[in-house]
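K.L.:
Below are the structure tokens for one structure; questions will follow.
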Amino acid sequence: MGHLRKWSKGTRGQALVEFALIVPLLIVIVMGIIEFGRLWMTMITLSGAAREGARLAAVTAPDHDAVETAVENVLSAAGLGPGTITISGPNAQNDVAVTVEITYTVITGSILPGFSGSLQLARSAVMHWEG
């Protein structure tokens, strides 16, 4: 029994050392998951905004002011900053296209150095003009 007690005294700090080695890796993984989720949500919102703008453009002349307002409403409802909105059409096939582009800023850079920056994200939607 004394031999077992002598062996356990030498491993008292082992769990603490293992924890200290694993925690930075876990933080990086969790922050990566959070950042990917934010990026994915932003892309889905951009797709929805472009689709909403294209739907409105398809049933109007297209009315550029109304389309831009509809797209900006979707972006602001999601908490995204103003973006660049491009409306084209109707073309020879009677299609209208709306492209929404924003600058996405990575938030993990404020927590983990080296993971900062920004990306240009753009999504488009095309619908048949009904005019």
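Just so it is clear, none of the values below were taken in a lab; they were calculated from the coordinates. Note that the coordinates shown come from a computational prediction; the quantities given were computed from them, not determined experimentally. So basically every Cβ, Gly included, is an ideal-geometry build from the backbone, and we count neighbours across all protein chains shown.
K.L.:
Rank by packing, highest mean first: peptides 86-99, 24-37, 52-65, 117-130, with packing defined as the count of other Cβ atoms within 10 Å averaged across residues.
P.N.:
For the peptides 86-99, 24-37, 52-65, 117-130, the packing ranking is 52-65, 86-99, 117-130, 24-37.
K.L.:
Helix by helix, which DSSP H runs in the chain go 30 Å or more along their axis at the Cα atoms and have an average Kyte-Doolittle hydropathy of 1.0 or more?
P.N.:
Sorted by number, the helices that extend far enough and score high enough are 14-59.
K.L.:
Using only helices, what value at 222 nm comes out for the chain when you add -39,500 (n - 2.57) per DSSP H run of length 4 or more and divide by the total residues, to the nearest 500 deg cm²/dmol? Numbers along the way, then the final one.
P.N.:
On the way: 3 runs with 68 residues, N = 131.
Taking each H run of at least 4 residues, the total per residue is -18000 deg cm²/dmol.
K.L.:
Could you work out how far apart the two model spin labels at His64 and Ile33 are, taking each label as a point 7 Å from the Cα in the direction of the beta carbon, and quote it in nm?
P.N.:
So the label points at His64 and Ile33 sit 4.6 nm apart.
K.L.:
Now, a different point. Using only the alpha-carbon atoms of the chain, report the extent along each of the three principal axes, biggest first, to the nearest angstrom.
P.N.:
Principal extents (Cα only, largest first): 91, 25, 23 Å.
K.L.:
Check Asp95: other-chain or 5+ apart residues with amide H under 5 Å from its amide H, H built from backbone geometry?
P.N.:
Trp129
K.L.:
Next up: Using the Cα centre of the range 2-128 as origin and beta-carbon charges of +1 (Lys, Arg) and -1 (Asp, Glu), tell me which of Gln93, Leu16, Ile33 is placed farthest towards the positive end of the dipole.
P.N.:
Leu16
K.L.:
Set the Förster distance to 41 Å, then compute FRET efficiency between Glu130 and Ala78 from the Cβ-Cβ distance, nearest 0.05.
P.N.:
Here the calculated transfer efficiency is 0.90.
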